[in-house]
Amino acid sequence: MNPAVGLSAFLAVSIATAVIGFYGLRISRTTGDFYVASRTVPPWWNASAIGGEYLSAASFLGVAGLILLSGTDALWFPVGYTAGYLMLLLFVAAPLRRSGAYTIPDFTEARLDSRLVRRVTSLVVVAVGWLYIVPQLHGAALTIRITTGLPSWVGSTAVVLVVCLTVVAGGMRSITFVQAFQYWLKLTALAVPVAFVLLVLAGNGTQPQAPLPLNPTGQSAAGAYQHISLLVALLFGTLGLPHVLVRFYTNPDGQSARRTTLIVLGLLSVFYVFPTLSGALGRMFAPDLAQSGQADALVLLLPGRFVGGVAGDMLSALVVAGAFAAFLSTTSGLVVSLSGVISQDLFGGSVKGFRLAALLAAVVPLGFALMTDTLALAGSVGLVFAFTASTICPVLLLGIWWRGLTDAGAIAGMLIGAFLCGGAMVVGTLMGPGNAPAWLAQPAAWSVPAAFAVTVTVSVMTKNRVPASVNRVMSRLHVPERPVVTER
Amino acid sequence: MTRVRVTAPRQSATAAPGPSGNLPYPKELAEDSDAGRIFIRSLIRSQLRLALVVACGFLVILAVIAVFLVYGPGVAETRIFGIPLDWLVLGAGIYPVIGLSAWLYNRAAARNEARYQDLVEDK
């Protein structure tokens, strides 16, 4: 690919992101603005922003790459990513919005009336956020390397720089605009090149090099255990993702939180048509990309390969822009929610503390990303979902729906879940991707039930620790808001 | 955010909504009475039951689809417009099911809340 094309696309997205960020700066003034955009964002904006934030490197590059490698097995990834929002809608969206908390640690502290629970939740949230930023930076490194020929570290470092600048300048208000813009950019950047490639292939009557059902690298089909474990991770991991949850506080009330989620489901369903198409096209017309180990770059390389000349360059530029939109939006969403958590616990919740925390939240994963190498993007993000489902999900679900949850139960559940799932991730990585048995490579199917069981058992054993405020908090979570707000 | 707890005597609560009908009605009144507590418990229980029913229904549909695609007779050979059936179902067919479940849930959840509000106001 022409290096100038990739570079100019990257610069254009970075500048657009920064400009919208600075425009938002004039609006955001108070600490409240910085965190949650003062809860004045209408559902469509908010849904686009959630979509923009959620569709990460894994969705933009990884899903198509995985479909290229493993076909229908990989089609379960986008299904799980979308259905995760259904679970979020059913169990979390409205009550969490009504809780009125800014972050997940705020929620657990208010629900269980315990500072210690808050500390542990903060630790888990920061771990999840850092784990999730690393694959984004790997995606950026891959994109820069493939499209411009520059060394990998340039991509990850550039993403961290742009994110820090935007977050430090504008806080969440501007981030909402940026994210909403980036959903539509990502959708266009995938849809238009795929449409052109389809037209060109149909126009010159190119015959497929391989049949659709055939895996190009001869990868064997996944078993039932892998499918179930993956779905458990994706369905229950989504509702614990810190950067997704913080978005729900920007809805004016519980009902609009539900409406927003419904729109998000629509936006995601439309989006995932295109990675699926790209993956299918790759299997039939470019199986050599899988054989040469460039599966994750499929989306980037597809337009240049089949559409020649200036049109091909322009389409490539569009895809690169979309890819960077994906890295930037997910990373900045994570950095905002992490710095919300870090600054409230370490720096007393001031605007200056938020900025310091933003730097901390972005620079640590950059270090990890520079030290480690790119795995399959969709796979490594899938593991982060498993970790979230084993730690935050039980506390959140039981906290919203079960009066019997205690601080001791919550802490025990989070720690055991983190230990089991994190341990499996570490051991699985040490054994190498091909050697780890399925139950280690995909721990969610047993680590999530284990975390739930521990949380419930310890809570039942420590019944006397149920907080006195439980009735008040539960009614706050579930009672619909009045048309006229009665809280001050 | 500071919340002010309203601790008015229960009798005055019943007289709260005036002829205009849309006066602010502090929800704390409902949660401080025995009847109010029961209403809230039943609201929570009906919302949880609804969420579980929708979730289980969706998961059952998902499981049926998965089993059908693996063991269904002739699935591997079936093509619609040249696209294999399993690609069509997993790549496109499931998404409307997700959307429909979400839409039905939203309507039913809003209905549960409206029913609760009616109860509290009629009290």
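Out of the helices (runs of 4 or more DSSP H) lying entirely within the range A:286-360, which hold 2 or more residues that are under 16 Å from A:Val167 (Cα atoms) and modelled with pLDDT of 85 or more? It would help to see each step written out before you state the result.
Details: elements: A:288-291, A:298-306, A:309-346.
Fully inside the range A:286-360 and qualifying: A:309-346.
Restricting attention to the range A:418-433, the residues being more than 13 Å from A:Leu383 (Cα to Cα) and at pLDDT 90 or above number 1. The residue of the range A:215-231 that is surrounded by the fewest Cβ atoms within 10 Å (Cβ to Cβ), among those that are touching a Gly at 6+ places or on another chain (Cβ under 9 Å) and modelled with pLDDT of 75 or more, is A:Asn215. Contact map, the range A:196-223: first residue under 22 Å from A:Gln294 (Cα atoms) and within 14 Å of chain B (Cβ to nearest Cβ), second residue part of a loop (DSSP other than H, G, I, E, B) and of a type in the set (Gly, Ala, Ser), Cβ cut-off under 9 Å, separation 6 or more or different chains; pairs are A:Leu212/A:Gly71; A:Pro213/A:Gly71; A:Pro213/B:Ala76; A:Leu214/A:Gly71; A:Asn215/A:Gly71; A:Asn215/A:Ala221; A:Ala221/A:Gly71. Filter the range A:249-258 down to residues that are surrounded by 21 or more Cβ atoms within 10 Å (Cβ to Cβ) and facing chain B (nearest Cβ under 7 Å), then give me how many there are. Qualifying residue count for the region: 1. Selection of the range B:99-123 for residues being within 10 Å of another protein chain (Cβ to nearest Cβ) and either touching a Phe, Trp or Tyr at 6+ places or on another chain (Cβ under 7 Å) or not in a helix (DSSP H, G or I) (or both) yields B:Ser101, B:Tyr116, B:Val120. Cβ-Cβ distances below 6 Å connect the following pairs, each with a first residue in the range A:241-267 that is within 18 Å of A:Leu477 (Cα to Cα), a second residue that is of a type in the set (S, T, N, Q) and surrounded by fewer than 24 Cβ atoms within 10 Å (Cβ to Cβ), and a separation of six or more residues or different chains: A:Arg258/B:Asn106. Among the residues making up the range B:47-86, those that are within 30 Å of A:Arg476 (Cα to Cα) and either within 10 Å of another protein chain (Cβ to nearest Cβ) or of a type in the set (A, V, I, L, M, F, W, C) (or both) are B:Gln47, B:Leu48, B:Leu50, B:Ala51, B:Leu52, B:Val53, B:Val54, B:Ala55, B:Cys56, B:Phe58, B:Leu59.
A:Ala222 meets each of the listed conditions (1) under 18 Å from the mean Cα position of the chain (by Cα); (2) not in a helix (DSSP H, G or I) apart from (1).
Every residue, every condition in (1) buried (at least 19 other Cβ atoms within 10 Å of the Cβ); (2) within 14 Å of chain B (Cβ to nearest Cβ); (3) among the basic types (Lys, Arg); (4) in a loop (DSSP other than H, G, I, E, B), yes or no:
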| residue | (1), (2), (3), (4) |
| --- | --- |
| A:Leu396 | yes, yes, no, no |
| A:Ile400 | yes, yes, no, no |
| A:Ile411 | yes, no, no, no |
| A:Gly417 | yes, no, no, no |
| A:Thr457 | no, no, no, no |
| A:Pro467 | no, no, no, yes |
| A:Arg472 | no, yes, yes, no |
| A:Leu477 | yes, yes, no, no |
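The values are calculated or read from the model by the stated rules, or taken from the named source; none is laboratory data. Keep in mind that this is a model prediction, so the values were computed, not measured. No Cβ is skipped: glycine too gets one built from the backbone with ideal geometry, and neighbour counts run over all protein chains shown.
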